1. Compute the long axis of helix 25-39 from its Cα atoms, compare it with the longest principal axis of the Cα atoms of the chain, and write down the angle in degrees, 0 to 90, nearest 10.
2. At 7 Å along the Cα-to-beta-carbon direction for both T36 and K9, put a label point, then send me their distance in nm to one decimal.
3. Among A27, V16, G40, whose Cα sits farthest toward the positive end of the charge dipole of the chain (+1 at Cβ of Lys/Arg, -1 at Cβ of Asp/Glu, about the Cα centre)?
4. Under 15 Å from the Cβ of P22, count the other residues' Cβ atoms, weight Lys and Arg +1, Asp and Glu -1, and hand me the total.
5. Could you order peptides 34-40, 16-22 by the average number of other Cβ atoms within 10 Å of their residues, highest first?
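A short reminder: the numbers here are calculations on the coordinates, not readings from a lab. Not measured: the values here are computed from a predicted model. In this analysis, Cβ positions are derived from the backbone assuming ideal geometry, glycine residues included, and neighbour counts consider all displayed protein chains.
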Amino acid sequence: MRIIAGVAKGRTLGTVAGATRPTSDRAREGLFSSLTSQFGDFLGL
């Protein structure tokens with residue numbers, strides 16, 4: 001997994017081989033869209 005934004009941009013996170021799959025762009029967009037509607041301008045994790 002690779003971090004694509006923020007101060008850690010470009011770093012990779014280790015994963016267990018075979019235990020994870022990439023998230024599709026459509027699923028990721030839906031997730032963050034729903035989080036944005038719930039939390040608005042929240043600037044943290």
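1. That works out to roughly 40 degrees.
2. 1.8 nm
3. After comparing all options, I get V16.
4. +2
5. 34-40, 16-22
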